[in-house]
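Below: the structure, in structure tokens.
The values are calculated or read from the model by the stated rules, or taken from the named source; none is laboratory data. Model, not experiment: these values are computed from the prediction. Every residue, glycine among them, receives a Cβ derived from its backbone with ideal geometry; neighbour counts consider all protein chains shown.
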Amino acid sequence: MKIEVFESVQSCSGRLEDWNAFAGECGDDVSLTYEWHRALEVSQEAQGPVRTLWLSRDGQLKAILPTRVERTRLRGIPLRQLSPLGSSYCAHDCLLVCPTSLEALEEALRISKDALASWDVFRFSASENSRVYLDLDAARPASHSRVEWTDGRRSPYLALPGTFDDFQRGLSTKRRTAIRSRVKKLKERGEPRLRVITQPGDVGEAMDIVRGIELASWKQPAGTSITANPYQAVFYDALARGLAEQGWLRLYVLYLGDQPIAHDIGYQYRGRFVSGKTSFVEELRHLQPGFVLRWLILGDLYQHGVREHDFIGDPDPYKLHWTDVMRRHRNIRLFRAGVRTGLARILRTWRAKPRDEAAGSSPSVD
């Protein structure tokens with residue numbers, strides 16, 4: 001197998017089209033794209049560039065491995081943990097290996113061992129959409145005996161079948177009444193208008209508007225706004241610009257008259273819409289601008305043939321207004337053979353044994 005070594009994600013820019021074509025083979029998650037990884041690298045600039053390996057066989061790409069290594073402790077044992085750059089956000093698929101199976105991953109790591117940083121455990125996340133997730137439910141062959149996993153977060157998503165009229169007819173009378181009431185209440189203060197930003201030339205202005213809304217939102221004093229976290233500001237700005245260049249940005253701003261009052265930095269990729277970051281002006285909370293924005297977004301997504309709205313992240317109450325369907329994720333560790341990793345695995349078995357014998361399930365990771 002041929003191994004190519006790039007000293008950063010940025011240095012892969014000349015192979016951008018190859019990266020994104022391969023990302024499409026690995027899944028339908030925007031977090032697999034070059035643009036997502038480049039935005040992560042830029043936002044984590046203080047940690048240095050991300051060494052990236054390309055593995056191919058007979059001219060066909062088999063894996064892209066942008067990874068970082070960090071020192072960690074597992075059950076008191078010091079270990080070197082290697083992770084894909086995309087694992088910075090655990091509610092995403094982050095494995096650029098095709099096929100996305102444990103066997104293919106193990107082969108890629110084995111072949112590239114001399115080019116990778118020294119490591120003891122490889123940690124990553126996978127959604128129920130990926131083959132590697134399903135591999136964990138199958139009987140484990142001996143080659144997978146050094147794999148352990150835990151259930152991760154469940155993130156809400158809403159399937160969008162049929163037409164928008166079908167969707168509205170499927171809502172309860174109570175829900176339709178609530179929607180009409182909230183839209184009417186907002187209209188009593190002015191005319192709501194939805195703006196959709198998709199073009200690269202509009203991103204700078206749009207991100208200025210987003211930052212203004214974030215500063216005026218409840219997230220600012222809570223410390224979770226883009227403006228309260230410099231790395232988030234860099235990440236979302238770089239991501240919006242990169243995705244706009246590919247035609248994947250769908251950034252929404254809700255106006256009340258001429259005033260921007262809510263936003264959603266979203267991405268439309270391979271038939272799915274991902275809501276990346278959203279907020280609204282706190283002083284207008286009583287008008288529920290976030291709810292009205294979501295309703296208008298759903299209408300727009302149907303207009304453009306989008307089949308799914310992925311809320312990602314935790315099942316926050318505002319997301320559960322729209323769906324109770326969850327996508328499962330798992331956090332997975334793959335251990336190399338060694339004294340320290342062997343001890344960490346023994347401790348796992350020893351600590352979990354009484355509970356597992358009673359429950360009849362795999363031991364969980366501490």
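Overview of results
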item: Members of the stretch 241-283 that are outside any strand (DSSP E or B) and without any contact (Cβ under 8 Å) to a residue 40 or more places away in the chain; result: D258
item: Answer residue from the stretch 243-256, given it is in contact with a Pro (Cβ under 9 Å, 6 or more places away or on another chain) and surrounded by fewer than 24 Cβ atoms within 10 Å (Cβ to Cβ) and is nearest to V203 (Cα to Cα) among those; result: A244
item: Selected residue (only one of E214, E205 is crowded, with 17+ Cβ neighbours inside 10 Å and charged (D, E, K, R)); result: E214
item: Out of V196, V210, V234, V203, sole residue that is β-branched (V, I, T) and over 30 Å from C26 (Cα atoms); result: V210
item: Condition check for Q60: assigned by TED's automatic domain parsing to the domain that holds N20, of a type outside the set (D, E, K, R), over 16 Å from the mean Cα position of the chain (by Cα) and closer than 30 Å to F311 by Cβ; result: no
item: Some residue of the stretch 30-39 being out of contact with any His (no Cβ under 8 Å at 6 or more places or on another chain), loosely packed, with under 15 Cβ neighbours inside 10 Å, touching a residue at least 12 places away in the same chain (Cβ under 8 Å) and of a type outside the set (A, V, I, L, M, F, W, C); result: no
item: Enumeration of residues in the stretch 184-197 that are more than 26 Å from L249 (Cβ to Cβ) and out of contact with any strand residue (DSSP E or B) (no Cβ under 7 Å at 6 or more places or on another chain); result: K184, K185, K187, E188
item: Residue check, H309 surrounded by 21 or more Cβ atoms within 10 Å (Cβ to Cβ) and either at pLDDT below 95 or not hydrophobic (A, V, I, L, M, F, W, C) (or both); result: yes
item: Looking only at the stretch 1-23, and only at residues there that are touching a Lys or Arg at 6+ places or on another chain (Cβ under 7 Å) and under 19 Å from A244 (Cα atoms), the one that is surrounded by the most Cβ atoms within 10 Å (Cβ to Cβ); result: V9
item: Answer residue from the stretch 41-76, given it is of a type in the set (A, V, I, L, M, F, W, C) and farther than 19 Å from V5 by Cβ and is surrounded by the fewest Cβ atoms within 10 Å (Cβ to Cβ) among those; result: A46
item: Candidate set: the stretch 233-269, residues that are touching a helix residue (DSSP H, G or I) at 6+ places or on another chain (Cβ under 9 Å) and charged (D, E, K, R); chosen: the one nearest to E283 (Cα to Cα); result: D264
item: The one condition in (1) at pLDDT 90 or above; (2) crowded, with 19+ Cβ neighbours inside 10 Å that Y318 fails to fulfil; result: (2)
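Residue-by-condition table, conditions (1) assigned to a strand (DSSP E or B); (2) on the phi > 0 side of the Ramachandran plot; (3) crowded, with 22+ Cβ neighbours inside 10 Å:
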position: H92; (1), (2), (3): no, no, yes
position: L95; (1), (2), (3): no, no, yes
position: E106; (1), (2), (3): no, no, no
position: R110; (1), (2), (3): no, no, no
position: L116; (1), (2), (3): no, no, no
position: F122; (1), (2), (3): yes, no, yes
position: N129; (1), (2), (3): no, no, no
